[in-house]
Amino acid sequence: MGVTTYTHETTTPIAPTRLFKALVVDSDNLIPKLMPQVKNIEAEGDGSIKKMNFVEEVISDRPSARYVIFGNSPIKYLKHKIHVVDDKYLVTKYSMIEGDVLGDKLESISYDLKFEAHGNGGCVCKSITEYHTKGDYVLKDEEHNEGQKQGMELFKIVEAYLLANPSVYA
């Protein structure tokens, strides 16, 4: 098994505590509300396992179903194991442990996020993503870039919602 690590930073005018509450603490409720392709997020066991289920779309001219697409693959669900949620230091650590995105080449993907104050009440979100591959597979930058693109899409949707609703999570 190999590990490939990427780091990323993004800034936003949203305060770090608001963004943390929206993206981490209340994500089970907020994400399905803002993203129609997400059917729901279910907590399993003691709540440290979260399963994100995607809506199945039926295409009218074909009897087959279509799911959200990641790269060239349909996504039916993603399952995450939550390791840390620290609302004092605004840090979360979790791993994708199951789901169509992992395919036959990835064992898991680990995420380490930190939300820090930046500028005039804004925030910088720092992330470290580790891809744990199976065997001697070497992750391609394009594969990471697709995942990064999906993550930034979610980030921008939540950011827009918080900007339009300044009292939410205040």
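The values are calculated or read from the model by the stated rules, or taken from the named source; none is laboratory data. What you see is a predicted model, and the numbers here were worked out from it, not measured in a lab. Every residue, glycine as well, gets a Cβ built from its backbone with ideal geometry; the counts of neighbours run over all protein chains shown.
May I ask you to say which residue of 36, 63 is under 15 Å from residue 154 (Cα atoms), assigned to a loop (DSSP other than H, G, I, E, B), modelled with pLDDT under 95 and not polar (S, T, N, Q)? Among 36, 63, only 36 is under 15 Å from residue 154 (Cα atoms), assigned to a loop (DSSP other than H, G, I, E, B), modelled with pLDDT under 95 and not polar (S, T, N, Q).
A Cβ distance below 6 Å, combined with a sequence gap of six or more or placement on separate chains, defines the contacts here; from segment 79-93, residues that are closer than 11 Å to residue 16 by Cα reach residues that are assigned to a strand (DSSP E or B) in the pairs 90/115; 91/114.
Cβ separations smaller than 6 Å between residues 6+ apart or across chains give the following pairs from segment 25-41 residues that are in contact (Cβ under 8 Å) with a residue 12 or more places away in the chain to residues that are surrounded by fewer than 17 Cβ atoms within 10 Å (Cβ to Cβ) and in a helix (DSSP H, G or I): 34/157; 34/161; 41/28. Residues of segment 81-113 being of a type in the set (Lys, Arg), under 22 Å from residue 52 (Cβ atoms) and more than 13 Å from the chain's Cα centre (by Cα), which ones? Selection gives 105 alone. Between 135, 122, which is over 23 Å from residue 49 (Cα atoms), at pLDDT 95 or above and over 17 Å from the mean Cα position of the chain (by Cα)? Unique residue meeting the criteria: 122.
Of all the listed residues (68, 85), the sole one being under 18 Å from residue 41 (Cβ atoms), among the β-branched types (Val, Ile, Thr) and either touching a helix residue (DSSP H, G or I) at 6+ places or on another chain (Cβ under 8 Å) or at pLDDT 95 or above (or both) is 85. The set of residues in segment 153-170 being touching a Lys or Arg at 6+ places or on another chain (Cβ under 9 Å), among the hydrophobic types (A, V, I, L, M, F, W, C) and more than 16 Å from residue 124 (Cα to Cα) consists of 168, 170.
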